[in-house]
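Trainee: Got a structure for you, written out below as structure tokens; questions coming shortly.
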């Protein structure tokens, strides 16, 4: 259960874990005992892109990530935009690349972060210019890609299979080294 909400945004009363009948079942949620507000704690839609540039796959490193982890271009979908519009915006904002073609790859749950990840394959062109959010980028040939055992790593694995490549995942030891920056 999420603890990010402690007080009702409508009346400032402390929220409590209260069970109620919902859609034919009994569900406990954070609710306001004074005004009835419910914190639904629904998953957040996150967009991800497997960006193909000149036949290679672009992976980037977020400034907030530890170690030397590289991953897909990702971002939150904004109100009023479709997932396709959102991932085009994220690719432009984070890399300055222009998308030529876009195809849905997969939709995965990422329960640890309470997210639903919508992943696209994007063919793009242009010169990479990173936003301040990203600190580095690399291009990989498909056989050289290694998938990570979480979130968007599973989407990358699904996409590699559609290209005739059986994905290789980082071993737990390699993944730990990658997260600490130990190559």
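The values are calculated or read from the model by the stated rules, or taken from the named source; none is laboratory data. Small disclaimer: the values here were computed from a predicted structure and weren't measured. Backbone-built Cβ (ideal geometry, glycine too); neighbour counts: all protein chains shown.
Results for (1) more than 18 Å from the chain's Cα centre (by Cα); (2) within 14 Å of residue 72 (Cα to Cα); (3) assigned by TED's automatic domain parsing to the domain that holds residue 97; (4) at pLDDT below 95, shown as yes or no for each residue.
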site	(1), (2), (3), (4)
138	yes, yes, yes, no
151	no, yes, yes, yes
161	yes, no, yes, no
165	yes, no, yes, no
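Trainee: State whether one or more residues within the stretch 117-132 are in contact with a strand residue (DSSP E or B) (Cβ under 7 Å, 6 or more places away or on another chain), more than 15 Å from residue 50 (Cα to Cα) and modelled with pLDDT under 95. Can you show your working first?
Mentor: So the first thing to find is which residues in the stretch 117-132 are in contact with a strand residue (DSSP E or B) (Cβ under 7 Å, 6 or more places away or on another chain), and the list is 117-126, 128, 130.
Filter once more, keeping what is more than 15 Å from residue 50 (Cα to Cα): 126, 130.
If we keep only those that are modelled with pLDDT under 95 too, we end up with none.
The answer is no; no qualifying residue exists.
Conditions (1) free of Cβ contacts under 8 Å to residues at least 40 places away in the same chain; (2) surrounded by fewer than 14 Cβ atoms within 10 Å (Cβ to Cβ), marked per residue:
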position	(1), (2)
25	yes, yes
28	yes, yes
33	yes, yes
39	yes, no
46	no, no
51	no, no
54	no, yes
57	no, no
63	no, yes
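Trainee: Looking at the structure I just gave you, is residue 101 in contact with a strand residue (DSSP E or B) (Cβ under 7 Å, 6 or more places away or on another chain), assigned by TED's automatic domain parsing to the domain that holds residue 162 and without any contact (Cβ under 8 Å) to a residue 24 or more places away in the chain?
Mentor: Spelling it out, residue 101 is indeed in contact with a strand residue (DSSP E or B) (Cβ under 7 Å, 6 or more places away or on another chain), assigned by TED's automatic domain parsing to the domain that holds residue 162 and without any contact (Cβ under 8 Å) to a residue 24 or more places away in the chain.
Trainee: Inside the stretch 87-113, can you point out the residues that are within 21 Å of residue 66 (Cβ to Cβ) and either over 12 Å from the mean Cα position of the chain (by Cα) or surrounded by 13 or more Cβ atoms within 10 Å (Cβ to Cβ) (or both)?
Mentor: Across the stretch 87-113, the qualifying residues are 94, 110, 113.
Trainee: Please enumerate the residues belonging to the stretch 114-136 that are more than 19 Å from the chain's Cα centre (by Cα) and crowded, with 18+ Cβ neighbours inside 10 Å. Don't jump to the end; show me each part of the working.
Mentor: Just the residues of the stretch 114-136 that are more than 19 Å from the chain's Cα centre (by Cα), to begin with: 124-129.
Selection gives 124 alone.
Trainee: Would you pick out the residues in the stretch 33-55 that are under 23 Å from residue 76 (Cβ atoms), more than 15 Å from the chain's Cα centre (by Cα) and part of a loop (DSSP other than H, G, I, E, B)?
Mentor: Answer for the stretch 33-55, where residues must be under 23 Å from residue 76 (Cβ atoms), more than 15 Å from the chain's Cα centre (by Cα) and part of a loop (DSSP other than H, G, I, E, B): 40, 41, 42.
Trainee: Moving to a separate point now. Any residue at all in the stretch 75-92 that's assigned by TED's automatic domain parsing to the domain that holds residue 173 and part of a strand (DSSP E or B)?
Mentor: yes
Trainee: A further question on this structure: For residue 18, indicate whether it is within 19 Å of the chain's Cα centre (by Cα) and at pLDDT 90 or above.
Mentor: no
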